[in-house]
Amino acid sequence: MAETYRCVVLARFVDGLAGPDDFAIEIRPVPEPGDGEILVRIIYASLDPGGRSRLSGRVSYIPPLALGDVAGAFNIGQVVTSNNEAYATGDLVVCSFGWTEMGLSKGGGYFAKIQASDLPLSTWIGVLGVPGLTAYFGLKRVAGIKAGETLVVTSAAGMVGATAAQIAKIMGCKVIGVAGGPEKCAWLRDELGLDGAIDYKAADDLGEAIGAAAPDGVDVLFDNVGNRFVDTLLPRMNMNGRIVVSGQVGDYNLAPEDVHGIKNTRVFITHRVRMEGLVVFDDLAQFPAAQAEMAAWIKAGKLLYREKIYDGVEQAPQAFRDMFEGTYFGRHLVRLAPEP
Ligand SMILES: NC(=O)c1ccc[n+]([C@@H]2O[C@H](COP(=O)([O-])OP(=O)(O)OC[C@H]3O[C@@H](n4cnc5c(N)ncnc54)[C@H](OP(=O)(O)O)[C@@H]3O)[C@@H](O)[C@H]2O)c1
């Protein structure tokens, strides 16, 4: 085994869109696992929009990174050496070490063996991982969606959005996706079978476009983008509507004072609308049951997913930038080692 490994650390606090100049590659010695510790070789690292909120040095819902810290991410890895009786050499695990080729853990936090499965390994960090589960619990627990309801999903071609849109279709809802560009909208309509797809970049008036696609109003907004879209959608919400605040990909790169304000709040009273956020780990105990249900949908061809895979840990900062710019779509991953 190599004596050193590479990782990507935060080189300066980020203002606006993060990119390669904000990070540095470090070479570190491979640590020797101590009592109870597990050494993991990372196979995949994720690019997560929410990771942006840790890069400015400001307090968010997760603590900010300090300069020199490894950039955060979810991972799939393989145990290299284990001094922990719950894990053996060769075990495949989901974990959260970040943009790094190796990680050392005692097995706490988000660290779990991957259940035997005939699905591709990368699904465990994508459609069956944090983004897919955010869609699942956002719809089922937070929104409590019901057959026949009308749902709008923003950033609908992303992994969270596309998974939410398809689960809602499986559950018998009418689903309108909002995404940037004709290629993404065509995929939502033609491949995922959504009832409508709106290109927000081309729409003169997004509220009117949604009104035309959902003339009877919107029961559930599953929002991944942030305040501007929430404010636009609020006047379209039906009685007892629910807004799931999944993420704010349109706001993460803005200074707090530049984030769009929400003005259309009277709808909360007149239409008894509820707006609620989630952190997917609140549902950690229910992950295996949700993953089993979603795996069955994937195998039945009812739940599709797309991935954009980069090779090499040094690609992570550019991949992170591409993800925000919407250059590609689906789950963005970096492959750091070949799959076993
Ligand atoms: N609550 C939780 O526990 C939890 C867990 C995981 C993820 N999340 C959240 O879920 C959301 C989606 O995550 P994801 O991994 O699937 O990423 P994603 O939706 O693929 O995010 C990247 C996409 O966001 C869109 N975007 C970027 N800037 C935008 C802007 N200013 N306005 C509108 N759209 C913009 C772009 O798509 P277009 O080309 O369509 O513009 C881009 O491709 C994120 O906000 C994330 O933070 C929440």
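Scanning region 136-171 for residues that are within 9 Å of the ligand (Cβ to nearest atom), over 13 Å from Val245 (Cβ atoms) and β-branched (Val, Ile, Thr) turns up just one, Thr163.
Any chance region 2-10 includes a residue that's surrounded by 14 or more Cβ atoms within 10 Å (Cβ to Cβ) and assigned to a loop (DSSP other than H, G, I, E, B)? No - not one qualifying residue is present in region 2-10.
Restricting attention to region 128-152, the residues being within 17 Å of the chain's Cα centre (by Cα) and either among the acidic types (Asp, Glu) or over 22 Å from Ile298 (Cβ atoms) (or both) number 1. What residue, among those in region 248-307 that are within 18 Å of the chain's Cα centre (by Cα) and of a type in the set (Asp, Glu), is most open to solvent (accessible area, probe 1.4 Å)? Step by step, filter region 248-307, then rank; the result is Asp282. Exactly one residue among Pro63, Pro31, Pro20 is more than 17 Å from Tyr310 (Cβ to Cβ), in contact (Cβ under 8 Å) with a residue 24 or more places away in the chain and open to solvent by 40 Å² or more (accessible area, probe 1.4 Å), and that residue is Pro31.
Going by the conditions given, is Ala168 of a type in the set (A, V, I, L, M, F, W, C), more than 26 Å from Gly207 (Cα to Cα) and free of Cβ contacts under 8 Å to residues at least 60 places away in the same chain?
no
Can you say whether Gly144 is of a type outside the set (A, V, I, L, M, F, W, C), over 20 Å from Gly250 (Cβ atoms) and open to solvent by 20 Å² or more (accessible area, probe 1.4 Å), as far as the supplied structure shows? Spelling it out, Gly144 is indeed of a type outside the set (A, V, I, L, M, F, W, C), over 20 Å from Gly250 (Cβ atoms) and open to solvent by 20 Å² or more (accessible area, probe 1.4 Å). Does region 89-98 contain any residue that is within 14 Å of the chain's Cα centre (by Cα) and under 23 Å from Asp283 (Cβ atoms)? Taking every residue of region 89-98 in turn, at least one turns out to be within 14 Å of the chain's Cα centre (by Cα) and under 23 Å from Asp283 (Cβ atoms). Filtering Val79, Val70 for residues that are modelled with pLDDT of 95 or more, open to solvent by 10 Å² or more (accessible area, probe 1.4 Å) and in contact with a strand residue (DSSP E or B) (Cβ under 8 Å, 6 or more places away or on another chain) leaves a single hit, Val70.
Applying the set (1) in a helix (DSSP H, G or I); (2) within 15 Å of the ligand (Cβ to nearest atom); (3) farther than 30 Å from Asp22 by Cβ to Ala295 leaves exactly one unmet item: (2).
The values are calculated or read from the model by the stated rules, or taken from the named source; none is laboratory data. Remember, it's a predicted structure, so these values are computed and weren't measured experimentally. Cβ sites come from the backbone with ideal geometry, for glycine too, and all protein chains shown count toward neighbours. In case anyone asks, the SASA skips ligands and DNA or RNA and just uses the protein heavy atoms, side chains included. Shrake-Rupley method; radii C 1.70, N 1.55, O 1.52, S 1.80 Å.
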